[in-house]
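Below is one structure, written out as structure tokens; comments come after it.
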Amino acid sequence: MNVERPTTTAELAEAVRSHDRVSLEGGCTKPALIGTGGVRISTTGLRGVVEYDPAEFTFTARAGTPVAEVVAMLAERGQHLPFDPMLVASGSTLGGLVASGISGPGRLRFGGVRDFILGVRMVDGLGRVLRMGGKVVKNAAGFDVPKFMVGSHGRYGALAEVTFKVFPRPHARRTLRLRAAGMADAARVLCEAARSRFDFEALDVWPGGPDVLARLAGPVEALDPMAAEALARWPGEALGHDEAEARWHGLREWDWVPSGHAVARVPLTPSQAVGLASHARSLHLLGCASVAWVALGNDGERDRLEAWMRTEGVEGVLLRGDGHRWLGARRVMAVEDAVRAALDPGGRFAGEMDGDGRDGRDGRDGPDGLHGHGRKGVKGRGIAHVARDGRWEGRGDGTGNGAGGGGVRALWVLPGGMPHVPGARAGDGFAAGADRLDEGGDGGAIDGGGSAPARGSLPGLPRLRARVPERRAIP
């Protein structure tokens, strides 16, 4: 595949404007998140630190900068990114760190990527260079759009630069291995430890066993008494420095994942950890079991896991491996589509994998038709024309069939205001129930080649409209 590698923000903008459809990549450490279709654009040519102010605990760097270079730079000044960035040694980039939205064990105490990003410079779907957020920690101006870029999977735009805040590195750390008789016992230990006064920096369950890894951080003279008191409450032992570092490194780099296995991220609660463990042979629980990394074989393990996830109302995302990106009970927030419509109204960025349904797009007429095979998607093609007064008229070519779920939830922000999403009819090119924001739509079938216009209103739209502004250029 031909990959373009711009080296400046201007070149990145030109690359985006030059193609009807593009997909973005960074260090390719999480390849399942890379969109399919269109021209591939790599951000690895956008490399280097633009600004670093140790006194202000902030830095700005280009999106293709390896996280390893940033980690080394911060370490020289006794600072770090406390959420434990994942896959640093594997070659992850800052842009990929933001777009994937994944954090490591340190997220328990300090928060994740979203809590440390301050600003971005990006190219949107119209080829405009936008700067959002700022370069200072206390900044309350405007919408906090940079946080939408965290976990965006390349759907909203191409990152050129990112600004982060950082923290001082702790003087020392101690890692305790707390024994557990099983996953239910491990969940109990996790909850008790999280509620305790010890303020653990990380609480993870080691893959392949129910034992809990608990990490303390602080002044050297305080750690030994704290560790002794913790071990008096929960049976276990303290790990040596080298062993502890090796274990945390292995967790961050997915060294525990068997060769050839896919990797998925599954948010959950400690009470769901027992059920998840019974459906996944190899997993790592982090953040007091608020997130699980699950290794999936090719023997039907994914199907069994997804069946349990749908029953529990749990959603997940595939980071490595083949197949549809989303797992389980996919939840869609209307504001996601509204933000994407404001930043990428033409659907230029291939954010979702083909066949995923909601974000798959085809055609370049108006805001595009939709296609895909997802539960809330539409199979086939349709053309949507939007008038300047915000009304939407749909016309279908009769090539599609309905695909379950709640229909398409697409909101397009135009200068005329937030449009209404129409109720669908046979021949519209949209599944029945497309005008509903809730889960009530039953999909239905699309049949025939009619051209009947459809108009309707979206329940709850005024509430959303009050929060989302009209699309406009952002200086």
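Please work out if Ala334 is among the hydrophobic types (A, V, I, L, M, F, W, C) and more than 24 Å from Gly104 (Cα to Cα).
On the way: among the hydrophobic types (A, V, I, L, M, F, W, C): yes; more than 24 Å from Gly104 (Cα to Cα): yes.
So Ala334 passes the test.
Rundown of residues vs (1) surrounded by 15 or more Cβ atoms within 10 Å (Cβ to Cβ); (2) free of Cβ contacts under 8 Å to residues at least 12 places away in the same chain; (3) touching a Gly at 6+ places or on another chain (Cβ under 9 Å), yes/no style:
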site	(1), (2), (3)
Val220	no, no, no
Ala230	yes, no, yes
Glu245	no, yes, no
Pro258	no, no, yes
His261	yes, no, yes
Ser271	no, no, no
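Being more than 18 Å from Val67 (Cβ to Cβ), buried (at least 23 other Cβ atoms within 10 Å of the Cβ) and touching a Leu at 6+ places or on another chain (Cβ under 8 Å): is that true of Gly157 here?
In short, yes.
Can you tell me which residues in the range 308-343 are crowded, with 17+ Cβ neighbours inside 10 Å, within 19 Å of Ser290 (Cβ to Cβ) and of a type in the set (Gly, Ala, Ser)?
Correct list: Gly316, Gly328.
With in contact with a strand residue (DSSP E or B) (Cβ under 7 Å, 6 or more places away or on another chain) and not small (Gly, Ala, Ser) as the only criterion, which of Thr44, Thr8 stands out?
Values: Thr8 fails: in contact with a strand residue (DSSP E or B) (Cβ under 7 Å, 6 or more places away or on another chain).
The match here is Thr44.
Okay, residues lined up against (1) in a helix (DSSP H, G or I); (2) among the hydroxyl-bearing types (Ser, Thr, Tyr); (3) on the phi < 0 side of the Ramachandran plot; (4) at pLDDT 95 or above:
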{"site": "Glu11", "(1), (2), (3), (4)": "yes, no, yes, yes"}
{"site": "Val50", "(1), (2), (3), (4)": "no, no, yes, yes"}
{"site": "Gly64", "(1), (2), (3), (4)": "no, no, yes, yes"}
{"site": "Val70", "(1), (2), (3), (4)": "yes, no, yes, yes"}
{"site": "Pro82", "(1), (2), (3), (4)": "no, no, yes, yes"}
{"site": "Ser103", "(1), (2), (3), (4)": "no, yes, yes, yes"}
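Looking at the range 13-39, which of its residues are surrounded by fewer than 19 Cβ atoms within 10 Å (Cβ to Cβ) and either over 22 Å from the mean Cα position of the chain (by Cα) or part of a strand (DSSP E or B) (or both)?
Glu14, Arg17, Ser18, His19, Asp20, Val39 - these are the residues of the range 13-39 that are surrounded by fewer than 19 Cβ atoms within 10 Å (Cβ to Cβ) and either over 22 Å from the mean Cα position of the chain (by Cα) or part of a strand (DSSP E or B) (or both).
Kindly provide the set of residues from the range 75-89 that are crowded, with 17+ Cβ neighbours inside 10 Å and either touching a Phe, Trp or Tyr at 6+ places or on another chain (Cβ under 9 Å) or under 22 Å from Asp53 (Cβ atoms) (or both), ordered by number.
Result: Gln79, His80, Leu81, Pro82, Phe83, Asp84, Pro85, Met86, Leu87.
The values are calculated or read from the model by the stated rules, or taken from the named source; none is laboratory data. From a predicted model like this one, the values you see are computed outputs, not experimental measurements. A quick note on method: Cβ atoms are made from the backbone with ideal geometry, for glycine too, and the neighbour counts reach across all protein chains shown.
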